[in-house]
Amino acid sequence: MDLGSIAAIGAGLAAIGAGVGIGKIGGQAMEAMARQPEMHGKIQSSALILAAFVEAVALFAVVVSFLK
Amino acid sequence: MFVFSENVCRFAQILNKAFFRESMGVKALKIKLLAVVMLCSFSGFGSEDSTDKKQEEFNPKEMIMHHVKDAYGFHLWDWNGHSIALPLPILLWVDGEMITFMSSEFHHDSNGEVIVERNGHRFVNFHEKVYQLDSEATALAFNEDNYPINASKPLDISITKNVFMMWVSVLVLLFLFITTARKYKQSPDNVPTGIAGFMEPLILFVRDEIGVPMIGEHKYKRYMPYLLTIFFFIWINNIFGLIPIVNGANLSGNIAFTFTLATFTFIITTFSGNKNYWKHIFWMPGVPVPMKIFLAPIEVIGMLVKPISLMIRLFANITAGHIIILALMSLIFVFKTIAVAPVSVLFALFIAVIEIIVTAIQAYIFTVLSALYFGMATEEEHH
Amino acid sequence: MDLVTPGFGLVFWTGLTFIFLLLILKKFAWKPILGAVSEREESIKNALKSAEEARAEMQNLQSDNERILKEARAERDLLLKEAREMKANVIDSAKTEAQTQAASIIRQAQATIESEKQAAVADFKNQVAQLSIEIAEKVVKSELSEKDKQFKMVKSLLQDVTLK
C-alpha cells in the first residue's frame, strides 16, 4: 500500500466523523425548527455555521491527503 | 479493470436502489438504469481486450489535476488534433528584469519539451509551471520522482487562466453593481428599479443576516464594504468555476486565491482587535493564573487557525466539487464506452446542482465567518 | 502537494485585484447603494412616525370632543333637573296656596253658617217666646172659662210645639 492510499483512508475516516457531526447538527436543527418554526431563520443560519466548523475538520484531512 | 468496474457498478446499483426505494412510480426508469448498469459491467470486459493496442492510456488523475489546477493558456477545445486556446501573457521576473512572452510560444506543451529562449534565459513549461533551465542544460532532466533536477522556478507573475477569469469576474461585478448604484441615483425616492430590484435583496441579506447580527448594530457599517465585496467576489468566482465552456477556471478552488482572501480577513481582524480581544488571547479573564498561561499559546494558535480554516474550507469545497464532477465524467473514458455516459451524466448533473447551492453557501460561510471574527475582535467587555 | 501550495503569481494578482475591486466598489457601488437604502429606510421610518403622531393627535382631538360633549350633556342634564325641580316647587306652592285659600273660604262659610244658624235660633227662640206668651194668654183665658177645655188646648198646643 502506498502513501496515497493510506492518506485516502485517513481522509475517509475523518469524513465519517464529520458526517456524524454534521448529521447530528442537521437532525437537531430540524427538530428545533419543528419545535419552534418562528425561529427557523436563526436556527438555519447557526446550523450552517456550525456545519462549516465541523466540515473544516474533514477538509483538513482531505488537504493532508493531498499533501502526501 | 474488470473488478474495478464491477465494484463501481455494484455501487451504482446500491445508489440506484437507495434513490428509488421510496417511489414506485419510477419503476420503468429504475429498470432502464439497471440495464445501463448491467451494460457497463459487460463493457468492462470488452475494454480489457482492446487495451492491447499501444494507445495512450487515459489517466483520470492527470486529467482531473490538469483541470483543477491553473494553466498558462486558456485551452478551449481540441480541433483535428490541434488545441484551440486563448494565449495569455507570461510574466517572469528573472535577475532583476521582467521577461514577457505569450503562452502560445510553448505550443500547448506542458511536458517540458519546448524551450523558449528570451534574453539568454531558456524556459520550459512543465505541468503548467514555468521552469528556467540551468545555463548548460539543453533539455529538462528528471529524478526518479519525476521531478526536474536541472531547472529552477523563476518568480512567476503570469496572467494565467485564473487571473484572466478573475478579471472577467471583476468586470462583471463592476458592471452589475455600478449599474445598480446608478439605478438608485436615477429614481427620486431611492426606489430600486430594474437590476437594482434583484440586487437589493442580496445586498440587504449581507447587511441584515451577516453584518448586523455578527458584528453588531453599532460597528457593522465600517465592515460592510469588505463583507459585500468578498461575498459577491467569491460567489461569482464559484459560479464561473462551474461554467464548462470556460474550462472550469477553478479560481475559488485555488489555494492561492483563498489564501489571499483569508489573509485579508486575518489582517482586518488583527487590526480591528480592541483591548478586550487581545486580553482574551493573552490573558484570559476569569480563570486562574496557571490556566491563563496555559491558554495563551492555544489562543494564539486559534487566532491563526481561524483564517487557515477559512482558506482550506473554501478551497477544498470547491475543488472537491470539481473533482467529483470530473471523476464521474472520466468514468466514460475509463470504461471506454458510451453506455456508461447516462449514469455519469446523471450523477454529474446531480452533483452540479448541489454545487450550485454550494457556490452560494460557501460564499455565505466565508463572509459570515469573516464577520464573526470581526465581531469577536470588536466586542466590548460585558462582564 | 502542488495543489495545496499557494503560487506567488496568483496571490499577487488576487491581492491587487481584490484591493482595487474593494476600493472601486466601495466608492461607486456600496456607498451609494447602502446610502440610498438607509436613506429610504429613514424616510419610511419618519413617515411611519409622523403617521403615528397624526393618529395620536387625532385620538387626542377625539377624546377632547368626547369630553366637551360629555360636559354639555351633563350641563343639559343639570338644567333639566333644575327646571323639573322648579316646576315641582311651583306646583307645590300653588297647591298649598289653593289649599289655604280653600280652607279660609270654608272657614268663612262655616262662620257665616254658624252666625246664620245662631240668628235663626235666636229668631226661633223669639218666636217660641212669643208663642208661649200667646199660649199662655190663651191658657190663661180658657182657664178662666173651663178647666177641661183649657187643659185640652194646652195639650194640643204643646203637641204642636214639640215638633219643632
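Using a 10 Å cut-off around each Cβ of peptide C:39-46, what is the average number of partner chain Cβ atoms that fall inside? Kindly include the intermediate steps, with their values, before the conclusion.
Details: counts 3, 7, 2, 1, 2, 0, 0, 0.
What the average comes to for C:39-46 is 2.
Once a ≥ b ≥ c are taken as the square roots of the eigenvalues of the Cα gyration tensor of the range B:310-360, is the result rounded (a/c under 1.5), prolate (a/b larger than b/c) or oblate (a/b not larger than b/c)?
Numbers: a/c = 6.25, a/b = 2.09, b/c = 2.99.
Oblate shape, in that a/c is at least 1.5 and b/c is the bigger or equal ratio.
Can you give me the angle between helix A:40-67 and the longest principal axis of chain A, using Cα atoms only, in degrees from 0 to 90, rounded to the nearest 10?
0
In whole Å, what three semi-axes, largest first, describe the equivalent ellipsoid of the range B:226-345 built from its Cα gyration tensor (square root of 5 times each eigenvalue)?
On the way: eigenvalues 375, 63, 14 Å².
After diagonalising the Cα gyration tensor, the semi-axes are 43, 18, 8 Å.
Give me the inter-chain shielding for C:16-27: mean count of other chain Cβ atoms within 10 Å, whole number please. If you can, show how the numbers build up before the last one.
Details: counts 3, 8, 10, 3, 2, 11, 7, 2, 6, 12, 5, 3.
Shielding by partners across C:16-27 averages 6.
How about B:Lys279: which aspartates and glutamates have a C-alpha closer than 12 Å to its C-alpha, ignoring those fewer than 8 places off in the same chain?
Leaving aside aspartates and glutamates fewer than 8 places away in the same chain, those within reach of B:Lys279 are B:Glu299, B:Glu379, B:Glu380, B:Glu381.
For the range C:5-164, treating each Cα as an identical point scatterer without solvent, what Debye log10 I(q)/I(0) comes out at q = 0.10, 0.16 1/Å?
Evaluating at q = 0.10, 0.16 Å⁻¹ gives log10 I(q)/I(0) of -0.84, -1.08.
To the nearest 500 deg cm²/dmol, what mean residue ellipticity at 222 nm is calculated for chain C from DSSP H runs of n ≥ 4 alone, each contributing -39,500 (n - 2.57), summed and divided by the residues?
Details: 3 runs with 149 residues, N = 164.
Per the formula, -34000 deg cm²/dmol.
If you rank B:Phe164, C:Phe8, B:Phe271, B:Phe366 by fewest surrounding Cβ atoms within 10 Å, what's the result?
So the ranking, lowest neighbour count to highest, is B:Phe271, C:Phe8, B:Phe164, B:Phe366.
Pull up all non-local amide H partners of B:Phe142: gap of 5 or more, or a different chain, and H-to-H distance under 5 Å with H placed in the peptide plane.
Under 5 Å from the amide H of B:Phe142: B:Ile149.
In peptide B:155-166, how many Cβ atoms from other protein chains are near each Cβ within 10 Å, on average?
Details: counts 3, 5, 8, 4, 2, 4, 0, 5, 7, 1, 0, 6.
What the average comes to for B:155-166 is 4.
Determine the principal axes of the Cα atoms in the protein assembly as shown, then give the extent along each, sorted from largest to smallest and rounded to whole angstroms.
219, 62, 62
Using a 10 Å cut-off around each Cβ, can you sort B:Ser158, B:Ser272 from fewest to most neighbouring Cβ atoms? List each step's numbers first, then the result.
Values: B:Ser158 21, B:Ser272 17.
Result, fewest neighbours first: B:Ser272, B:Ser158.
Check B:Lys153: other-chain or 5+ apart residues with amide H under 5 Å from its amide H, H built from backbone geometry?
B:Gln132
Going by how many other Cβ atoms sit within 10 Å of their own, how do B:His121, B:His382, A:His40, B:His82 line up, fewest first?
On the way: B:His121 16, B:His382 5, A:His40 13, B:His82 10.
Ordered by Cβ neighbours within 10 Å, fewest first: B:His382, B:His82, A:His40, B:His121.
Consider just the alpha-carbon atoms of chain A and return their Rg together with their Dmax, both in angstrom.
Looking at chain A, its Cα Rg and Dmax stand at 15.6, 53 Å.
Stokes-Einstein diffusion coefficient for the range B:87-158 at 4 °C in a medium of 1.567 mPa s, Rh from the Kirkwood formula over Cα pairs: what value in µm²/s? Provide the component values of the computation, followed by the final result.
Values: Rh = 12.2 Å.
Result for D is 106 µm²/s.
We did not get these values from a lab; they are worked out from the coordinates using the rules stated. No experiment lies behind these values; they were computed from the predicted model shown. Every residue, glycine among them, receives a Cβ derived from its backbone with ideal geometry; neighbour counts consider all protein chains shown.
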